[in-house]
Structure formats: C-alpha cells, structure tokens
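> Below: one structure in structure tokens.
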Amino acid sequence: MKRKIIFMGSPVFAVPSLVALRNAGHEILAVYSQPPRPAGRGGHLQKTPVHQAAEDVGLVVRTPLRLQDAEIDEILAMGADVVCVVGYGLLLPRRLVESVVCVNVHPSALPRWRGASPVQHAVMFGDSVTEVCIMRLEAGMDSGPVYKRIPVAIGPEMTAGELNEIVWPLGAEGLVEVVGKIDEIEPLAQVGEVTLAPKINNLVKKINWRQNARDIANKIRGLSPDYAATFELNGELCRIFKGRVWGGNGADLGANVVVSDDKVGMIVQTSPHWVVQCGVGQLEILEIQRPGKRVMGAAEALRGWPQVQVGGFVK
C-alpha cells in the first residue's frame, strides 16, 4: 500500500532508503535534513548527501536546526502516514513520536548497541553477527519495539566500513517492506541486555597496548575507515587503518604470552613485518597514517621513518 511519508535523514548511508521509498511509489511530502555546514579548505556551505539527493529529484527539503513546537506543528499539518528516520542527527521530541508513527532503520541487534555508533561498536567488540532493525521510535533512545529484524554476519576481518556497505542497503529494503505493511505488522518489544554505542571520541580511538592483541585488532577494524585508532610514537599521533594479530614470529615475546608492563608497546620487529607487543599477544601494523601524510602500507611508511626501531616503544 502506498503511503504519505516524511523522510528524515542526513548522511550518505541514508540516501538508499530515500531512493527506495520513492522508487516504491510512496509519496514523499517533505525531506528533513541537517542544515548545510562549512566544509573543505574554503569553508563553503555544503548540503548533506540526503539534502542534495532530495533536491536532485525535486523534493521539498527543510533543514531546521532543532525540532521545536513550530516545526512539529508544520510536520503534523502535512498529514503523513509515516515519518521515516535514517541517521537524521536529531532526537525526535516526545510530542512528535507520540503523534505520528515514526519508523527508524537501526543497524544493530537491539537492544544491543543502542546509540550513535552501533556498526562501529559491533565490530570493535568482536561480534560475529548483528542485525538491521526496522523499529518504531518512542521517547527513549532506540528503545522502541521492532517491526523487522534482518540478520547480518560479521566476518573476522571485516571493517566497520565494509559492514556499513551491507547494512544500509538491507535497511532500505526492510524499510520499504515495513512501510508498505505498517498497518498489518505488530512491532515486538526489545528483549535482552541493553548495551550502549555512544559517539566515537578521541578517548575511544586511543589504543591501550595493555589489552589483548585480538581486542586491539578489533578496535582497529571497528574504527576503519571513518575514524581510525590512534597511538603515539616519538611525539607523533599516528592513525592505524589496518592491523592484525601476529602469530608468525619465534621471538622470546610469544604471541600468547602475558607480558610485564615494561614490555607493553615494545616494537619487536620491523622487517619484514612491523610488530608491536601487547599486554597479551602481538599486533602487526599493516596500514598507517602519520600526521600530514597519506595512508600507507607499513613497509612503505617505515622506509621514510628511521626513528622506528626494534626495542623502541609506542604508546
């Protein structure tokens, strides 16, 4: 059944949902997105990907900084059947979610990883499976009942970027299905332990070399490529985009040995592999970025970096 829809979204991963709803024949009454903001070296105002995609096909776009009473009055006056929300960037007020059906695409197995960065947290914490949930919004953060769950496997070397490429197209398909049958589906309450996925900050990005090498490798792939895990070496804040647990060396500091604090962060080899001792196990650095430089493979980076020596330390 065709519906009258208000779409709310901002980032590039929300565009497939907007396109899918329109292609399915639903009437898009208006699109709400974050306001244009300065970007690039020139600081020119840049529209969000959803804003630009909506304008390209002639849809009405609104970009309020906040959803206050006047904006909510305007939304409700449009008479939408459903408000579809995908990465909008604003928490919808209670008055709105209690006045009209608001459906959200959330890429985690709710109630696991409620919050702003569910994809990153699922990978960082080594989850082997996740879900895309098509859920009804309520006043609480990501706490509403779920219309549809789509299971997704997370490969052992998969990055958050690779997982994003899978979950958002699946979410678009699921959203179209749910919106078309919204009157026939009874959403089910979330059951299980609640875990939170807050915004990624600099503290989250920082590697703690006292951790297990597997946990550090998971952090690296969970933050790649949009964020990147960080560490310091000789006063430089470096970013790692790819790393893996190292098990191919016969040195005294073995791959599964718990070491003393004075060995944590030690560079145990640089050729042919760059390997760092962790609290448990060792990590091979594969792709890295120094300040002001491009992302490089470890071997290329080391050729112009004589300060990196066996016996030195990262922190």
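Where a number appears in this text, it was derived from the coordinates with a stated rule and is not lab data. Note that the structure is predicted; figures quoted are calculated from it, not measured. Here the Cβ is made from the backbone with ideal geometry for all residues, glycine too, and neighbour counts use every protein chain on show.
> Give me the Å³ per residue figure for the convex hull around the C-alpha atoms of segment 141-276.
153
> Which value does Rg/Rh take for segment 6-86 over its C-alpha atoms, Rh per Kirkwood?
That ratio equals 0.99.
> When all C-alpha to C-alpha distances in the chain are sorted into bins of 10 Å, what percent of pairs does each bin hold, rounded to whole numbers?
6, 24, 27, 20, 14, 8, 2, 0
> Lys/Arg Cβ at +1, Asp/Glu Cβ at -1, dipole of segment 135-241 taken about the Cα centre: which of 168, 156, 213 is farthest positive-ward?
213
> While we're on this one: Once you place label points 7 Å from the Cα toward the Cβ at residue 62 and residue 37, how far apart are they in nm?
Here the modelled spin labels are 2.1 nm apart.
> Can I ask one more? Applying 1/(1 + (r/R0)^6) with R0 = 45 Å to the Cβ-Cβ distance of residue 234 and residue 128, what FRET efficiency is obtained, to the nearest 0.05?
Numbers: r = 37 Å, r/R0 = 0.82.
Once rounded, the FRET efficiency stands at 0.75.
> Over the Cα atoms of segment 82-150, what radius of gyration and what Dmax do you get, in Å?
Values for segment 82-150 (Cα only, Rg and Dmax): 12.0, 39 Å.
> In the neighborhood of residue 305, defined by Cβ-to-Cβ distances under 15 Å, what is the net charge if each Lys or Arg adds +1 and each Asp or Glu adds -1?
+1
> Can you give the log10 of the normalised intensity I(q)/I(0) at q = 0.20, 0.24, 0.25 Å⁻¹, computed with Debye over equal Cα scatterers of segment 202-303?
-0.99, -1.40, -1.49
> Given the DSSP H assignment, sum -39500 (n - 2.57) over each helix run of at least 4 residues in the chain and divide by its residue total; what's the result at 222 nm in deg cm²/dmol, nearest 500? Kindly include the intermediate steps, with their values, before the conclusion.
Numbers: 9 runs with 79 residues, N = 315.
Estimated from H runs of four or more residues: -7000 deg cm²/dmol.
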